[in-house]
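Here's the structure we're looking at; comments come further down.
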DNA sequence: TTTACTGCAAACATTTTGCAGATGT
DNA sequence: ACATCTGCAAAATGTTTGCAGTAAA
């Protein structure tokens, strides 16, 4: 049995943490301190992040979670669809927490990394048309949008 | 001045090679044997490829082009928009030759890697709507479609 | 002749893995 | 108790870089 644990010091609702914890549990994974720690690290961030960010956060906050464990946990969470892996315009790999488990895409601020989930962009008819024209059987697609969030648009100069 | 050189042994039209050679020339890059070799390697392939593929092809065909040169050339060609970098569903980085210099996206076969360029998917209104709703200023997007090409659909079993 | 380019090997960054011991259930 | 996890450190990848020599223009 699991008790919901949210040690986050940020203003985030515990639901994100709970959601991840429950997903892990439901999938039969053991709930360990390290995993809870990684989940907390993820939920404390509120945009796209790289593994290096989590490693740095962990060290800074003196949370014990080995690099390998962070990678392993991220892999599991990605498999569960609780987190998604995406590719920044510069080619780096990063991750985002997903608010919903349904099919969706992400819009990421290229300045602050803040990201929002976009559901139903209306790609279906486009995909159907492409499939019809090309004869390909399209079974997956990636759509990632990048730009400046409202806040960063106001701060014109380079990131802090 | 440049002479068009197409040493490709494949059935591909020389135009792709010429196109790349001319792009390099137009941008002021020197035309060297290594670069010609890398271009030839790229044009001999007809789908998405990883750098490792080119390295392997080069060695197999006994073409001299150091690994570093392949990376460097690919970087230049990417900058010129003659080649595009994309991310496979499995997370690997790969490249595709672009038929056109105009804005477009790619549809890649997950079995044989064959890829076709897609122009004008009709994303503009979608982007506009998202921008309006979210307040983000969207300045770039990535759309990559994956599936099975007509040929691979017929061959049901795992790749050769 | 001048400056860009190449090859090579070393340096780097990132992610994976083997294994002995720790720990959930 | 027993299988799953973790940490660690080594290894495997993938990509970049410094430099002395080579070759375009």
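Where a number appears in this text, it was derived from the coordinates with a stated rule and is not lab data. Since we're looking at a predicted model, the values are computed, not measured. Using ideal geometry, Cβ is built from the backbone for each residue, glycine included, and neighbour counts are taken over all protein chains shown.
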(message) From Cα pairs below 8 angstrom and at least 6 apart in sequence, can you work out the relative contact order of chain B, rounded to a whole percent?
(response) 18
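Taking each residue of A:115-121 in turn, how many C-beta atoms of other protein chains fall within 10 Å of its C-beta, and what is the average?
2
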(message) Rounded to whole Å, give me the distance from the Cα center of region A:57-85 to that of region B:56-101.
(response) 31
(message) If the elastic network links every pair of Cα atoms under 10 Å, which of A:123, A:20, A:31 fluctuates the most in the Gaussian network model of chain A?
(response) A:123
(request) In nm to one decimal, list the spacings between the residue A:81 label point and its equivalents in the other copies, with label points set 7 Å along Cα to Cβ, shortest first. (result) 3.7
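Sort A:54-63, A:109-118 for me by packing, meaning the mean count of neighbouring Cβ atoms within 10 Å per residue, highest on top. Working shown, then result.
Values: A:54-63: 14.8, A:109-118: 19.1.
The peptides rank, most packed first, as A:109-118, A:54-63.
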(message) Please compute the average number of Cβ atoms from other chains found within 10 Å of each residue's Cβ in peptide B:125-135.
(response) 4
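Among DSSP beta bridges lying fully in region A:4-156, give the percent that are antiparallel, nearest 5. Show your work: numbers first, answer last.
Numbers: 12 of 16 bridges.
The antiparallel fraction comes to roughly 75 percent.
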(request) Per residue of B:103-113, count partner chain C-beta atoms within 10 Å of its C-beta, then hand back the mean as an integer. (result) 2
(message) Rounding to the nearest 10 and keeping the result within 0 to 90°, find how far the Cα-based axis of helix A:51-60 lies from the longest principal axis of chain A.
(response) 20
(request) Please give the helix A:67-80 orientation as an angle from the longest Cα principal axis of chain A, in degrees from 0 to 90, rounded to the nearest 10. (result) 50
(request) Using a Gaussian network model of chain B whose springs link C-alpha atoms within less than 10 Å, name the residue from B:121, B:86, B:77 with the highest mean-square fluctuation. (result) B:121
(request) Any chance you could give the angle, 0 to 90 degrees and rounded to 10, that helix B:124-134 forms with the longest Cα principal axis of chain B? (result) 50
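Report, in deg cm²/dmol and to the nearest 500, the calculated mean residue ellipticity at 222 nm for chain B, where each DSSP H run with n ≥ 4 adds -39500 (n - 2.57) and the sum is divided by the residue count.
Values: 6 runs with 64 residues, N = 160.
Dividing the helical sum by the residues of chain B leaves -12000 deg cm²/dmol.
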(request) Specify the residue with the greatest mean-square fluctuation among B:46, B:120, B:19, computed from a Gaussian network of chain B linking alpha-carbon atoms under 10 Å apart. (result) B:120
